[in-house]
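This report concerns only the one structure given below.
The values are calculated or read from the model by the stated rules, or taken from the named source; none is laboratory data. Note that the coordinates shown come from a computational prediction; the quantities given were computed from them, not determined experimentally. Please note: Cβ atoms are built from the backbone with ideal geometry, for glycine as well, and neighbour counts cover all protein chains shown.
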Amino acid sequence: MAHEELHLNLRNLTLDDYNQLQVLMDRVYDDIGGAWPRDTIKALVKQFPDGQICIEESGELVAVALTVSVQYERFSNPHTYDDLILRDKKLRHDEKGDSLYGLDVFIHPEYRGYRLGRRLYEARKELCRSMNLRAILAGGRIPSYHKYKDHSTPAEYIERVSRKDIYDPILSFQLSNEFQVTRLLHKYLPEDEKSLGYATLLEWRNILYVPPSSVLNTRKTQVRMGAVQWQMREFASVEEVLTQVEYFVDALSDYKSDFALFPEFFNAPLMGLTDQVDQTRAVRFLAGFTEQFRKEMSDMAVSYNINIITGSMPLIENDRVYNVSYLCHRDGRVDEQRKIHITPHERRDWVIEGGNEFKVFETDAGRVAILICYDIEFPELGRMAAEQEVDIICVPFWTDTKNGYLRVRHCAQARAIENECYVVITGSVGNLPKVENLDVQYAQSSVFSPSDFAFPHDAVMAETTPNTEMIMFSDMDLEKLTLVRNEGSVTNLKDRRVDLYQLKTGPF
């Protein structure tokens, strides 16, 4: 039949379909007993109507998938097909099961080649996701094994099929539909002479599965990121800077943002209140306000119900100066990330030293890492974050020229693509003539995503007008990260050749 003559309809099976189902099942399964009795199908349709899926063509049943719900712990372990059958020939269905079990998929012989089995399997996967179930399990026959029994054990046969040395009509199809063989089942269906009673235990894991938990403890998957593109200006006091900070925090909170991200050294105008001749003394003067900023911004995080990433500011510890960012959680906790890589300017003019610890922080809106400006230009840190399942990398930066800004931007976009995560960069704009080494700024704040179909075509989710003070928002779907890491067009993290290379870190 030509493709243009088909009129396929995917729907749920009803008891009225039984006569056609019986004919089809008898034809496909003539070697292992044929069709289920009418009462068996009636019970399936009544107990689990969503799990019984069929495809009809011009009113004729041409493909069927029968499914029940089971407990993963029971049926992910060795079992036989008889374990799914109750004494009255009803099929075992557990309404409280946490997984689907694929009983049968059968296609009319004249309709093979139209990939109807793939349609049924995709429908099963969508059902599994929509019900928030853990997995799809199935016992898969290996009907071509009898041809190779004298030369291959069942395990060797399965390996050869997986390498595509051998084609098996069931196992090859299952493997092409992202199912994994987890074990070999013995005497699964003894009457299956072609498989010699053997079967594969197959599993498709729902990567979006969320174990049952209290609503209050459920991790957010839809996250709103807010960032401030900060205008450098003269301030007469620390209170004036904090008033401006609170203005932006208030605005971001009004729009229900989960995060407020500020730029690197956003409070540097306060250095204008001291002598600029000695830059080392000026930055230490600025560090004298850091504890006040940390405390006040932590209070704002709680008051405005928003997680605040405080940009960065100098911190003095044991008479050494560090460039530090604080993550002020809205529950009152405060985490700290020190800049690891120090620029020649920071090292030369301000005698700033690099930190020795890198972390990924668990928040109520995803797993977050902070890479301060220059740090984003070192891919090792992004990969370390990815290995800890980071969702969002936040990059507070300060750059004076466009070429400096483009280094940050291009490296940030690379980190988003290669580590399959979101990356947010935000910087400061405007001029600050009275502060040495911070007299000009260039910035265009942006949010980058992985580069795949689920994301914007240019992998840029949001960006500001260059060199203009403003706030920026971006809504991030964390479930899309899970999908792209497992089912994307490419899977950068999964496909690393760790047999050839790996990232090693020494003691910090």
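Before moving on, here are some points about what is shown:
- Filter result for residue 267 (in the same structural domain as residue 431 (by TED's automatic domain parsing) and closer than 28 Å to residue 389 by Cβ): no
- Among the residues listed as 27, 74, 38, the single one being on the phi < 0 side of the Ramachandran plot and under 34 Å from the mean Cα position of the chain (by Cα): 74
- Considered as a group, the residues in the stretch 205-228 that are at pLDDT 95 or above and of a type outside the set (Val, Ile, Thr) include one that is surrounded by the fewest Cβ atoms within 10 Å (Cβ to Cβ), and that residue is 224.
- Total residues in the stretch 13-60, condition assigned to a loop (DSSP other than H, G, I, E, B), under 21 Å from residue 123 (Cα atoms) and small (Gly, Ala, Ser): 2
- Taken together, the residues in the stretch 422-440 that are surrounded by fewer than 24 Cβ atoms within 10 Å (Cβ to Cβ) and either assigned to a loop (DSSP other than H, G, I, E, B) or under 20 Å from the mean Cα position of the chain (by Cα) (or both) amount to 9.
- Qualifying residue in the stretch 228-237 (condition: of a type outside the set (S, T, N, Q) and within 30 Å of residue 118 (Cβ to Cβ)): no
- Residue in the stretch 282-303 that is under 30 Å from residue 363 (Cα atoms) and part of a strand (DSSP E or B) present: no
- Residue in the stretch 264-271 that is among the polar types (S, T, N, Q), on the phi < 0 side of the Ramachandran plot, surrounded by 24 or more Cβ atoms within 10 Å (Cβ to Cβ) and modelled with pLDDT under 95 present: yes
- Test: residue 391 is of a type in the set (D, E, K, R), touching a residue at least 60 places away in the same chain (Cβ under 8 Å), closer than 20 Å to residue 258 by Cβ and surrounded by 19 or more Cβ atoms within 10 Å (Cβ to Cβ): yes
- The set of residues from the stretch 157-178 being farther than 18 Å from residue 112 by Cα and surrounded by 12 or more Cβ atoms within 10 Å (Cβ to Cβ) comprises 157, 158, 159, 160, 161, 162, 166, 178.
- The C-beta contact set for the stretch 304-327 (first residue assigned by TED's automatic domain parsing to the domain that holds residue 226 and closer than 15 Å to residue 342 by Cα, second residue among the β-branched types (Val, Ile, Thr) and in a strand (DSSP E or B), distance under 6 angstrom, 6+ apart or interchain) comprises 314/321; 315/324; 321/352; 323/352; 325/370.
- Lone qualifier among 276, 231 - being surrounded by fewer than 21 Cβ atoms within 10 Å (Cβ to Cβ), touching a residue at least 40 places away in the same chain (Cβ under 8 Å), under 26 Å from residue 339 (Cα atoms) and over 35 Å from the mean Cα position of the chain (by Cα): 276
- Note on the stretch 230-260: among residues that are touching a Leu at 6+ places or on another chain (Cβ under 7 Å) and not in a helix (DSSP H, G or I), the one that is farthest from residue 423 (Cα to Cα) is 235.
- Qualifying residue in the stretch 67-84 (condition: over 26 Å from residue 184 (Cβ atoms), at pLDDT 90 or above and in contact with a Gly (Cβ under 7 Å, 6 or more places away or on another chain)): no
- For the stretch 466-496, the tally of residues that are farther than 27 Å from residue 249 by Cβ, of a type outside the set (S, T, N, Q) and in a helix (DSSP H, G or I) stands at 6.
- Residue that is surrounded by 17 or more Cβ atoms within 10 Å (Cβ to Cβ) and either in the same structural domain as residue 124 (by TED's automatic domain parsing) or modelled with pLDDT of 95 or more (or both), where the choices are 23, 28: 28
- Selection from the stretch 334-365 of residues that are among the hydrophobic types (A, V, I, L, M, F, W, C) and crowded, with 16+ Cβ neighbours inside 10 Å: 340, 342, 350, 352, 358, 360, 361, 365
- Here residue 431 meets each of (1) within 18 Å of residue 312 (Cα to Cα); (2) touching a strand residue (DSSP E or B) at 6+ places or on another chain (Cβ under 6 Å) with one exception, condition (1).
- Residues in the stretch 493-508 that are under 14 Å from the mean Cα position of the chain (by Cα) and either of a type in the set (D, E, K, R) or surrounded by fewer than 16 Cβ atoms within 10 Å (Cβ to Cβ) (or both): 494 alone.
- Answer residue from the stretch 447-486, given it is charged (D, E, K, R) and surrounded by 13 or more Cβ atoms within 10 Å (Cβ to Cβ) and is farthest from residue 129 (Cα to Cα) among those: 469
- Boolean, residue 382 is over 16 Å from residue 261 (Cβ atoms), outside any strand (DSSP E or B) and within 29 Å of the chain's Cα centre (by Cα): yes
- Scanning the stretch 366-379 for residues that are closer than 20 Å to residue 389 by Cβ, among the charged types (D, E, K, R) and either without any contact (Cβ under 8 Å) to a residue 12 or more places away in the chain or surrounded by fewer than 22 Cβ atoms within 10 Å (Cβ to Cβ) (or both) turns up just one, 367.
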